[in-house]
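Below is one structure, written out as structure tokens; comments come after it.
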């Protein structure tokens, strides 16, 4: 079975039809026959943990229990966050460090990535800001812990 490894070019993983994902990278787009959540789970395992372990880690560090940002890979500080509950079919996953800017309203958010790609998601801008804030908090804690080593 083909799977996708999240890397420094990955911007976003979007649901695409039934049981598929659209992955947008800096220089290409891919359609794969795997749901976004399965890609996230695979990458947690690929980089040495499980999704449940990563989720529990975020809960332990920050006391966040729902829509938790996830550390995919520590050394390159790759953190993704969900746009809805990960149990929802419409949940997309955003790579934190690829975001340049965003605009929106109470219904949707336009995400502007570092390469100027714009992706519209159905999520209020205030919810998106909250997810970014949580993700940056998690990144800050991770960086401080990594500096000790």
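The values are calculated or read from the model by the stated rules, or taken from the named source; none is laboratory data. These numbers were taken from a predicted model, which means no experiment stands behind them. No Cβ is skipped: glycine too gets one built from the backbone with ideal geometry, and neighbour counts run over all protein chains shown.
Descriptive notes on the structure:
- For residue 57: the one exception among (1) in contact (Cβ under 8 Å) with a residue 24 or more places away in the chain; (2) crowded, with 16+ Cβ neighbours inside 10 Å: (1)
- Inter-residue pairs, beta-carbon under 6 Å, first part of a strand (DSSP E or B) and in region 113-141, second surrounded by fewer than 17 Cβ atoms within 10 Å (Cβ to Cβ), 6+ apart: 113/100; 118/110; 118/112; 120/108; 120/110
- Region 113-126, residues that are closer than 18 Å to residue 12 by Cβ and either modelled with pLDDT under 95 or surrounded by fewer than 16 Cβ atoms within 10 Å (Cβ to Cβ) (or both): 114, 115, 116, 118, 120, 122, 124
- If you go through region 77-87 and pick out every residue that is assigned to a loop (DSSP other than H, G, I, E, B) and surrounded by 15 or more Cβ atoms within 10 Å (Cβ to Cβ), you end up with 4.
- Note on region 7-19: residues that are at pLDDT 95 or above and not in a strand (DSSP E or B) amount to 2.
- Subset tally (residues that are assigned to a loop (DSSP other than H, G, I, E, B), touching a helix residue (DSSP H, G or I) at 6+ places or on another chain (Cβ under 8 Å) and surrounded by fewer than 18 Cβ atoms within 10 Å (Cβ to Cβ)) for region 88-105: 1
- Number of positions in region 26-76 that are in contact with a helix residue (DSSP H, G or I) (Cβ under 6 Å, 6 or more places away or on another chain), modelled with pLDDT of 95 or more and part of a loop (DSSP other than H, G, I, E, B): 3
- Any chance residue 21 is touching a helix residue (DSSP H, G or I) at 6+ places or on another chain (Cβ under 8 Å), free of Cβ contacts under 8 Å to residues at least 24 places away in the same chain, surrounded by 20 or more Cβ atoms within 10 Å (Cβ to Cβ) and more than 24 Å from residue 143 (Cβ to Cβ): yes
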